[in-house]
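Pasting in a structure now, in structure tokens, and then I'll have a few things to ask.
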Amino acid sequence: MLEELTMFARQFIQKNYELELTIPIQRNNRLRTTLGRYVYQKQKNIPLRIELAGFILDYGASTAIIDVLKHECIHYSLHMQGLPCTDGHPYFEAELKKHGVSSTNRTMIGKYYVYTCNSCGNENVTKQKSVVQSPDKYRTSCCNATLIIVGERIYDGTKMTG
């Protein structure tokens, strides 16, 4: 899968920025909250790699994986051109919009645990295993009540979060 993603990234960067991709795309199973990241050596300003979280490669729909990959490719391309490339910067966000790419952390991907509020019955989800292992240690944000774990749900990144 990484070979296909690397080929896609090369084409995307060449077509849109007329640059060559000179760094590897790698799976990183330690990433938990971020879907992907562009890594470079800050002191020497040298690009090192693009990392994609293992859980997006396992659970993500192909459209969601490509979206994250494009996001990281835009970081790389702008950095290589000496242009603003940080999340939230107006120039970077405009580039995302120009290419129809999601901003940071706007998609749900992976295994989530579903729980309900013991007081009002509202349903919510969390990625934290500790909530499932010790639900008595947690309270709901709606009513500050105890919660009941009701199951698991897999999200593939096709639904946007609020």
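Just so it is clear, none of the values below were taken in a lab; they were calculated from the coordinates. Computed from a predicted model, the values in this text were never measured in an experiment. Glycine gets a Cβ as well: all are built from the backbone with ideal geometry, and neighbour counts include every protein chain shown.
P(r) for the chain, please, calculated from all Cα pair distances in 5 Å bins and given in %.
2, 8, 16, 18, 16, 12, 9, 8, 6, 4, 1, 0
Could you work out [θ]222 nm for the chain from helices alone, using -39500 (n - 2.57) per DSSP H run of at least four and dividing by all its residues? Round to the nearest 500 deg cm²/dmol.
Only helices count here, giving -10500 deg cm²/dmol.
Given points 7 Å out from each Cα along the Cα-Cβ axis, report the LYS129 to HIS99 separation in nanometres with one decimal.
3.4 nm
So if each residue of separation counts as 0.36 nm, and I subtract the Cα-Cα distance between ASP136 and ILE149, what length gain in nm does that give?
3.6 nm
So, with +1 on the Cβ of K and R and -1 on the Cβ of D and E, and no other charges, what is the size of the charge dipole of the chain about its Cα centre, to the nearest 20 debye?
Charge dipole of the chain: 380 debye, to the nearest 20.
Same structure again: Mind checking the full-extension length gain between MET7 and LYS159? Use 0.36 nm per residue of separation minus the Cα-Cα distance, one decimal, nm.
Between MET7 and LYS159, full extension yields an extra 52.1 nm.
How big is the charge dipole of the range 40-83 about its Cα centre, in debye rounded to the nearest 20, if each Lys and Arg gets +1 on its Cβ and each Asp and Glu gets -1 on its Cβ?
Dipole of the range 40-83, to the nearest 20 debye: 280 debye.
In nm, to one decimal, how far is the modelled label at THR63 from the one at GLU20, with both set 7 Å along Cα→Cβ?
For the pair THR63/GLU20, the computed spacing is 3.5 nm.
Also: Could you calculate the contour length gain from GLN43 to VAL114, that is, 0.36 nm times the residue separation minus the distance between their Cα atoms, to one decimal place in nm?
Stretched fully, the GLN43-VAL114 segment lengthens by 21.2 nm.
List the lysines whose Cα sits under 30 Å from the Cα of LYS127, skipping any in the same chain fewer than 8 residues away.
The qualifying lysines are LYS70, LYS97, LYS111, LYS137, LYS159.
Additional query: Order 30-42, 70-82, 109-121 from most to least packed using the mean count of other Cβ atoms within 10 Å.
Per-residue mean Cβ counts within 10 Å order the peptides as 70-82, 109-121, 30-42.
How far is helix 2-17 tilted, in degrees, relative to the longest principal axis of the Cα atoms in the chain, given as a value from 0 to 90 rounded to the nearest 10?
60 degrees
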